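The structure appears right after this line, and notes come after that.
The values are calculated or read from the model by the stated rules, or taken from the named source; none is laboratory data. None of the values given here were measured: they were computed from a predicted structure. As a convention, Cβ positions derive from the backbone with ideal geometry for all residues, glycine included, and neighbour counts pool all protein chains shown. To get the accessible areas, we keep the full protein, side chains included, count just its heavy atoms, and leave off ligands, DNA and RNA. Shrake-Rupley method; radii C 1.70, N 1.55, O 1.52, S 1.80 Å.
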Amino acid sequence: MGVVTGVGYGLGAACARQLVDHVETLLLTDRDPHAAAALARELVDDAGVDAEPFSLDVTDRKGLARLVARIADLGTLRAVAHADVCAPTSADWQQILAVDLVTTARLADALRPLADNGTAMVVLAGMSPMLGPDTSDAAAPAVLDDPLAQRFLRRLREALGPAIEDPAAAHAWAKRGLERFVRRESVRLGSVGARICSVSTGNIGNSPVRSETAEHSRIGRIVQRRGHDAEIAAVVAFALSEQASLLNGIDLLVDGGASAALDFGTVRAAATPVQANRATAADTTYAARQVSAFSA
């Protein structure tokens with residue numbers, strides 16, 4: 001069976017639609033029970049999958065316990081797409097860190113006893129760690145690595161100072177902590193044949209993980225369109241499938257080239273699609289050399 005959180009958002013719903021071919025039963029969670037129920041009816045009618053709505057606030061510990069109990073009743077846990085994330089434009093710094101990092105760690109901790117050989121989990125994230133603040137302070141990563149510790153938010157505020165209270169900065173630190181958590185969790189899950197990855201997105205649709213690139217002009221010159229929820233969901237579905245069984249503990253970046261634009265924004269690029277098609281072999285070779293040098 002599979003679980004998708006945050007199905008009231010476009011990206012969560014898109015992940016659920018992609019997973020109908022991978023599992024026989026889907027448990028669809030959201031804070032809004034009506035949204036979860038509507039999607040469940042759609043998947044039952046259109047895809048013939050056994051889809052069940054589940055009202056859940058992921059920040060509620062008792063709710064997570066109910067979720068674990070229901071999963072155990074339904075069968076073997078095979079796939080988890082955690083898309084219940086928080087946008088920096090709609091919450092304060094504490095809410096962002098609590099939902100995106102602390103709650104994700106609690107969810108993974110709660111589901112770990114249900115994981116066995118073949119279980120896979122994907123956590124949706126954003127590309128904000130690449131756009132965020134300097135990380136040279138050694139104290140911050142040490143705090144980030146224990147999101148379930150008591151006084152976690154206070155300790156992080158003490159390590160980073162008032163700058164963390166900016167929602168955009170909190171979002172970046174939450175996502176950075178999430179990537180570190182995924183790497184550590186992959187070691188725990190790997191011992192039983194299970195795995196976990198994160199998928200970081202750029203500017204997509206109307207989902208919460210979007211618009212992190214809006215203030216970067218170099219990105220806008222190279223990334224000419226927003227992505228679609230279905231495109232991201234297809235990557236999530238692949239990462240959860242048996243074909244991706246060697247993917248564990250990594251972040252998959254699906255940003256339309258936004259991060260490349262930040263690194264190589266000075267590389268001469270054609271201004272229009274027509275000019276792009278007329279790019280010379282020398283231009284292409286130069287760009288390739290730049291990318292190779294960065295990757296080395």
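Descriptive notes on the structure:
- Pairwise Cα distances in segment 5-74 exceed 19 Å for 27 percent of all pairs.
- Cα gyration tensor category, rounded, prolate or oblate, for segment 1-43 with a/c compared to 1.5: prolate
- Net charge of neighbours whose Cβ lies under 10 Å from the Cβ of Arg17, counting Lys and Arg as +1 and Asp and Glu as -1: -4
- Peptides 73-81, 172-180, 118-126 ranked from most to least packed give 118-126, 172-180, 73-81, packing being the mean of other C-beta atoms within 10 angstrom over each peptide's residues.
- Take each peptide in 45-56, 155-166, 250-261, 15-26, count the other Cβ atoms within 10 Å of every residue, and average; sorted highest first, the result is 15-26, 250-261, 45-56, 155-166.
- Solvent-accessible surface of segment 1-60, taken per residue with a 1.4 Å probe and all protein chains present: 41 Å².
- Dipole magnitude of segment 3-122 about its Cα centre (Cβ charges: Lys, Arg +1; Asp, Glu -1), debye to nearest 20: 340
- Among Arg184, Arg31, the order of accessible area from largest down is Arg31, Arg184, computed with a 1.4 Å probe on protein heavy atoms.
- Cα gyration tensor shape of segment 36-125, rounded if a/c is under 1.5, else prolate or oblate by comparing a/b with b/c: oblate
- If R0 equals 22 Å, the separation of the Cβ atoms of Leu148 and Ala69 corresponds to a calculated FRET efficiency of about 0.60.
- A compact globular protein would have a Cα radius of gyration near 2.2 N^0.38 Å; the ratio found for segment 148-196 is 1.43.
- Computed with a 1.4 Å probe over protein heavy atoms only, the accessible surface of segment 62-188 comes to 42 Å² per residue.
- For segment 32-163, with all protein chains in place and a probe radius of 1.4 Å, 49% of the accessible heavy-atom surface sits on carbon or sulfur.
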